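Enquirer: To start, I am sharing the structure in question, which I have written as structure tokens.
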Amino acid sequence: MLVGPVFTRELVTAPRRMRFYVAPAIYVGGLLILTCTAWLLLIGTQQVRTVGDMARFGASLFQFLAPLQLVLAVFFAAIATATAVAHEKDRRTLVLLLLTNLSNTELVLGKLFASLVNVLVLLAAGLPFFMLTALFGGISFSQIGRVFVVTSVSALAAGSLASTIALWREKTFQTLALTALALGILAAADILLASGFAHAQWHGTPLSQWAAGFSPWSALFAAARPQLAAARLPWFGSPLHMFYAVAATFAVAINLIAIARVRVWNPSREARPRTEETDEFRRTADETTRSIHAAPGKMRRVWDNPVLWREVCTWAYGRKVLAIRLVYLALFAATALAVRWQLRTAGSPAHGSLALTLIPLFILSLLLVNALAVTSITTERDLGALDLLLVTDISPREFIFGKLGGVFYVAKEIVLLPLALCAYIWWIDALSLEHLIYLTGGLTVMNVFVATLGIHTGLAYGNSRSAVAVSLGTLWFLFVGVAAVMRIMISFASFQFQLAPFLALMIGGSAGLFAALGARNPSQAIALVSFLLPAMTFVAITGFLQGETLGVFIEIAVTYGLTIAAMLVPAVSEFDVAMGRTTE
């Protein structure tokens with residue numbers, strides 16, 4: 001078998017935890033809650049009398065749930081495969097696998113398919129639910145089948161990309177950052193092809209139709225259309241046929257690269273013995289012995305906070321972090337050019353069009369800061385460096401704030417460049433000074449929130465894969481949940497019928513946040529902010545849709561500020577408890 005021993009080790013010999021069986025039930029339950037919420041909003045705003053009304057509801061529901069499932073599948077497929085390989089590297093077990101008689105194909109494909117099992121199980125659990133929604137009318141089983149094929153192929157391609165990057169890079173942050181940047185570049189290219197150059201043509205076909213052959217997002221909407229034959233491409237016919245070919249070719253090609261290079265990339269140079277230094281030492285062994293008191297070089301003075309000094313003055317995250325900065329700078333430049341192009345063509349574009357261009361960059365920046373924060377803790381734990389703190393006099397305050405300061409220093413371009421872009425938009429009079437203050441203040445609060453969330457989850461969970469999954473999963477669910485709420489609210493204009501259905505979503509979101517943030521170290525503060533965060537986010541969204549600005553900023557700043565404070569205190573105290581020390 002191509003995936004035999006490693007795949008068997010992951011699925012058969014390793015015991016499955018309870019969340020493997022609970023996750024599909026939670027996923028289907030979430031789909032059911034969204035469906036019931038949409039139905040309550042429908043019957044609260046209009047009368048359902050005919051079969052046509054039911055069919056329109058079924059089509060609208062399908063157009064809402066299908067993209068949501070694609071986003072979750074692609075994200076968790078990439079995160080699952082990246083963290084699985086990175087976990088093997090951090091624990092030094094990948095080197096042991098390389099010492100066995102496993103072939104490169106068994107090693108690469110075994111880890112890939114074993115990591116994708118959780119995502120495939122969720123898709124299999126959601127398929128019967130989507131089939132039941134077809135009973136509303138408005139959609140066919142062929143549409144559902146095409147959507148699930150597109151979603152599965154996209155998840156396979158994303159997992160293959162993340163697996164190859166994880167096998168190539170040594171540091172966990174490098175793996176997560178490059179994976180997120182690659183997905184961000186794909187999303188930016190999709191937006192560029194589908195909207196910016198919609199009138200341009202290639203071989204007599206608009207670029208917006210060619211985008212469906214390369215982008216999962218565009219391919220999904222093409223698969224969800226009732227009439228598949230409406231768009232035809234040269235050589236391929238249907239855009240979906242081209243997407244299947246492109247995605248499959250990409251997955252095969254990138255896995256072949258990983259199979260060919262896995263034993264070249266691993267073990268990395270950091271783990272290999274330094275033979276050159278050893279030979280140099282042997283050649284100079286017979287030379288005159290230097291004084292043991294002579295300094296080997298220029299002495300570097302350590303700051304009062306040694307943790308912050310290490311994060312700032314050394315390559316704690318590897319030298320390859322420079323490549324991540326270059327890729328991010330390229331993506332930022334593309335976003336800035338897109339904003340400039342909109343301002344030139346539209347003169348004074350609407351804030352909504354500018355927001356669609358800026359939001360992907362903002363979300364990507366927050367994800368990178370969060371990934372850097374959580375891996376700064378998990379990497380130290382996997383290397384056993386946290387145990388050394390037992391014999392030092394480093395205080396919890398120095399450790400926590402030293403890590404936070406190091407995160408913001410390493411990610412200074414990722415934090416400051418979006419703020420600079422907002423200032424540029426204000427400078428050319430496309431944004432008022434008041435809105436600039438609200439926007440930059442909100443971004444600053446969110447950056448501190450995601451960094452604190454990463455530190456908190458990194459300390460709360462002893463397993464690196466769990467810490468990364470909970471941290472990024474919480475952040476991603478927050479973004480996706482907000483987008484889902486906004487989509488439903490925009491679809492129905494009457495506010496008085498929305499509060500009751502959304503109470504269920506608030507309660508479910510609060511329970512999920514408390515399980516993620518306070519399950520390992522519960523406190524009254526964590527319980528309070530877990531209840532307030534979804535409710536105040538709902539209030540902020542409602543105020544934003546009603547044209548409010550100052551109220552939205554105050555609600556976001558106060559709510560997320562309280563969440564930051566609630567996470568910092570347990571993080572400091574848990575540091576003592578986890579390391580076997582008592583708080584002073």
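The values are calculated or read from the model by the stated rules, or taken from the named source; none is laboratory data. Since we're looking at a predicted model, the values are computed, not measured. FYI the Cβ positions are ideal-geometry reconstructions off the backbone, even for glycines, and counts take in every protein chain you see.
Yes or no, residue by residue, for (1) closer than 16 Å to ILE79 by Cα; (2) within 19 Å of the chain's Cα centre (by Cα); (3) among the hydrophobic types (A, V, I, L, M, F, W, C):
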position: PHE141; (1), (2), (3): no, no, yes
position: GLY145; (1), (2), (3): no, no, no
position: VAL149; (1), (2), (3): no, no, yes
position: SER152; (1), (2), (3): yes, yes, no
position: ALA157; (1), (2), (3): yes, yes, yes
position: ILE165; (1), (2), (3): yes, yes, yes
position: LYS171; (1), (2), (3): yes, yes, no
position: GLY184; (1), (2), (3): yes, yes, no
position: ALA189; (1), (2), (3): no, yes, yes
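Enquirer: Please verify whether segment 379-399 includes one or more residues that are crowded, with 18+ Cβ neighbours inside 10 Å, in the same structural domain as ALA334 (by TED's automatic domain parsing) and closer than 30 Å to LEU436 by Cα.
Expert: No: zero hits.
Enquirer: Turning to a different aspect of this structure: Among the candidates VAL448, VAL415, VAL470, VAL485, single out the residue that is among the β-branched types (Val, Ile, Thr), part of a helix (DSSP H, G or I), out of contact with any His (no Cβ under 9 Å at 6 or more places or on another chain) and at pLDDT below 75.
Expert: VAL485
Enquirer: For THR284, all conditions in the list (1) touching a Ser or Thr at 6+ places or on another chain (Cβ under 7 Å); (2) at pLDDT below 80 hold save one; what is the number of the exception?
Expert: Tallying (1) touching a Ser or Thr at 6+ places or on another chain (Cβ under 7 Å); (2) at pLDDT below 80, THR284 fails exactly one: (1).
Enquirer: All but one of (1) at pLDDT 50 or above; (2) of a type in the set (A, V, I, L, M, F, W, C); (3) part of a helix (DSSP H, G or I) hold for ALA316; which doesn't?
Expert: Result: ALA316 passes all but (3).
Enquirer: Just to verify a result, which residue in segment 418-444, among those that are part of a loop (DSSP other than H, G, I, E, B) and in contact with a helix residue (DSSP H, G or I) (Cβ under 7 Å, 6 or more places away or on another chain), is farthest from PRO360 (Cα to Cα)? Walk me through it before giving the result.
Expert: To start, the set of residues in segment 418-444 that are part of a loop (DSSP other than H, G, I, E, B) comprises 428-432.
Add one more test, that the residue is in contact with a helix residue (DSSP H, G or I) (Cβ under 7 Å, 6 or more places away or on another chain), and what stays is 428, 430-431.
Working: ILE428: 22, ALA430: 19, LEU431: 19 Å.
Step by step, filter segment 418-444, then rank; the result is ILE428.
Enquirer: For a quick check of your reading: which helices (runs of 4 or more DSSP H) sit entirely within segment 32-134 and have at least 3 residues that are aliphatic (A, V, I, L, M) and buried (at least 20 other Cβ atoms within 10 Å of the Cβ)?
Expert: Passing ranges, in order: 51-90, 104-133.
Enquirer: Here is a follow-up. What do you reckon, is GLY462 of a type in the set (Gly, Ala, Ser), touching a Leu at 6+ places or on another chain (Cβ under 9 Å) and at negative phi?
Expert: Numbers: of a type in the set (Gly, Ala, Ser): yes; touching a Leu at 6+ places or on another chain (Cβ under 9 Å): no; at negative phi: yes.
Considered against the rule, which asks whether it is of a type in the set (Gly, Ala, Ser), touching a Leu at 6+ places or on another chain (Cβ under 9 Å) and at negative phi, GLY462 comes out as no.
Enquirer: Follow-up. How do the pairs read when you match residues in segment 16-40 that are more than 18 Å from ALA73 (Cβ to Cβ) and assigned by TED's automatic domain parsing to the domain that holds THR133 with residues anywhere that are aromatic (Phe, Trp, Tyr) and loosely packed, with under 12 Cβ neighbours inside 10 Å, using Cβ under 6 Å and keeping only pairs 6 or more apart or on different chains?
Expert: Within 6 Å, no pair qualifies.
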